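Note sheet for the following structure.
The values are calculated or read from the model by the stated rules, or taken from the named source; none is laboratory data. Predicted model, so just to flag it, every value in this text is computed and none were measured. Here the Cβ positions follow ideal geometry from the backbone for every residue, glycine too, while neighbour counts run over all protein chains shown. Areas reflect the complete protein model, heavy atoms only, side chains present, ligands, DNA and RNA absent. Shrake-Rupley method; radii C 1.70, N 1.55, O 1.52, S 1.80 Å.
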Amino acid sequence: MNPKVYDENVRNLYRALLVLKNEDECGAFLEDLCTISEIKSMAQRLEVAMLLDKKEIYSEIAAVTGASTATISRVSRCLNYGTDGYKTVLERIKEYK
């Protein structure tokens with residue numbers, strides 16, 4: 001984890017996410033914690049990651065998601081050089097379905 005981000009408050013946030021038991025609880029918590037715009041932005045980035053994982057091209061991803069090429073590039077950079085957070089989630093989503 002990034003030491004520039006990780007402190008006791010961030011740790012509490014991570015713990016809060018881990019204690020949620022289902023999609024309804026997660027949705028209720030995120031709606032209380034975040035604006036609708038923030039939730040939509042995070043969901044869009046996850047969709048971009050899913051499409052990049054399927055080897056879709058940037059122009060197609062932009063057309064499907066409405067994401068900017070800058071957002072697509074940032075997500076791609078995280079997938080390729082990040083801390084594997086997206087990769088972990090993508091693998092588990094595949095197992096979940």
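What does the charge add up to near G82, with Lys and Arg as +1, Asp and Glu as -1, over the other residues with Cβ less than 14 Å from its Cβ? Walk me through the numbers on the way to the answer.
On the way: positive: R45, R74, R77, K87; negative: D53, D84.
Counting the neighbours of G82, the net charge comes to +2.
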Residues meeting the amide H criterion for G82 (H placed from the backbone, H to H distance under 5 Å, 5 or more places apart or on another chain) are none
For 32-41, 65-74, ranked highest to lowest by mean beta-carbon neighbours within 10 Å, the order is 65-74, 32-41
For the chain, whose charge dipole is built from +1 on Lys and Arg Cβ atoms and -1 on Asp and Glu Cβ atoms, the candidate among L13, I93, N80 with its Cα farthest towards the positive end is N80
Neighbours of A67 by Cβ distance under 10 Å: Lys/Arg at +1, Asp/Glu at -1, summed charge +1
Quick calc, R74 & D32: beta-carbon distance into FRET formula, R0 25 Å, rounding 0.05, result 0.40
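Tally up the carbon and sulfur contribution to the accessible surface of the chain as a whole percent, 1.4 Å probe, everything protein left in place. Numbers along the way, then the final one.
Numbers: 4070 of 7590 Å².
Looking at the chain in its full context, I get 54 percent from C and S.
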Each label sits 7 Å from Cα toward the beta-carbon; between N9 and A63 the label points are separated, in nm, by 4.3
What helix-only [θ] at 222 nm does the chain give? Using -39500 (n - 2.57) per DSSP H run of at least 4, over all residues, to the nearest 500, the answer is -24000 deg cm²/dmol
Probe 1.4 Å, heavy atoms of protein chains only: per residue, the accessible area of the chain in Å² is 78
A student applying the Cα gyration tensor rule (rounded when a/c is under 1.5; otherwise prolate if a/b is larger than b/c, oblate if not) would label segment 20-59 oblate
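Would you mind checking the pairs K4/K94; K54/K87; K21/K94 and listing those with alpha carbons more than 21 angstrom apart? The partial results should precede the final answer.
Working: K4/K94 31 Å; K54/K87 12 Å; K21/K94 19 Å.
Distance filter (> 21 Å) returns K4/K94.
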